[in-house]
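Let me begin by presenting the structure, written as structure tokens, before commenting on it.
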Amino acid sequence: MLKFLTKILNTGLDSDGNRDEKEPVEIATAVFLLEIAHADSTVHPLEEAAVRDGLQTLFKKSASQVDSLLESARQAREKSFDLYQFAKEINGHFQAEEKTVILENIWRVVYADGVLDKYEEALVRKIAKLLRLSHREMIQVKLKVLDKEADSLPDRSDDGQGT
């Protein structure tokens with residue numbers, strides 16, 4: 001009986017014996033980044049790179065750890081019916097400042113290919129609302145990303161779509 005209880009209590013511990021509570025919130029964040037990358041039905045290689053860079057930066061992960069996180073996020077995304085469960089996880093662990101950093105990474109994925117698609121924009125609005133961020137906060141983060149990334153955005157002016 002004691003062995004059984006110890007096994008149950010040790011489930012979810014990291015290698016140092018500490019409870020690993022970050023994983024669900026990391027998966028939820030990765031799902032949002034994947035969702036935005038797929039919003040326009042075409043995942044551009046630059047969007048995929050922005051997803052990976054965002055996860056490495058946000059969670060201080062190695063490339064192999066990001067691969068593992070993305071695999072878990074893909075599985076969670078496939079099993080889910082909506083984004084609410086992921087927003088609930090993020091809202092339960094992060095304050096507004098941390099959620100705006102997530103939103104900043106979402107905007108980076110949107111603009112990675114140099115195009116703001118109407119479906120991407122609608123999804124960003126939905127995610128911001130789910131994260132309990134105001135419209136004003138969403139726009140401020142968007143402008144911050146555009147200001148920071150303006151020089152590095154691909155020139156897509158010849159394709160008839162604008163930012």
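The values are calculated or read from the model by the stated rules, or taken from the named source; none is laboratory data. In this text, all values refer to a predicted model and were calculated from it rather than measured experimentally. Here the Cβ is made from the backbone with ideal geometry for all residues, glycine too, and neighbour counts use every protein chain on show.
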Per the filter on segment 104-120, residues of a type outside the set (A, V, I, L, M, F, W, C) and either surrounded by 14 or more Cβ atoms within 10 Å (Cβ to Cβ) or in contact (Cβ under 8 Å) with a residue 60 or more places away in the chain (or both) are E104, N105, R108, Y111, D113, G114, D117, Y119, E120
So which residues in segment 78-103 are surrounded by 17 or more Cβ atoms within 10 Å (Cβ to Cβ) and under 12 Å from the mean Cα position of the chain (by Cα), if there are any at all? L83, F86, A87, I90, K99, T100, I102, L103
Extreme residue, modelled with the lowest pLDDT, among residues of segment 7-50 that are β-branched (V, I, T) and more than 16 Å from W107 (Cβ to Cβ): I8
Hey, can you tell me all the residues within segment 62-72 that are within 20 Å of I90 (Cα to Cα) and free of Cβ contacts under 8 Å to residues at least 24 places away in the same chain? Q65, V66, S68, E71
Which of the residues that make up segment 35-52 are in a helix (DSSP H, G or I), in contact (Cβ under 8 Å) with a residue 24 or more places away in the chain and touching a helix residue (DSSP H, G or I) at 6+ places or on another chain (Cβ under 8 Å)? E35, I36, A37, E47, A50, V51
Out of segment 25-49, which residues are farther than 23 Å from N91 by Cα and aliphatic (A, V, I, L, M)? V43, L46, A49
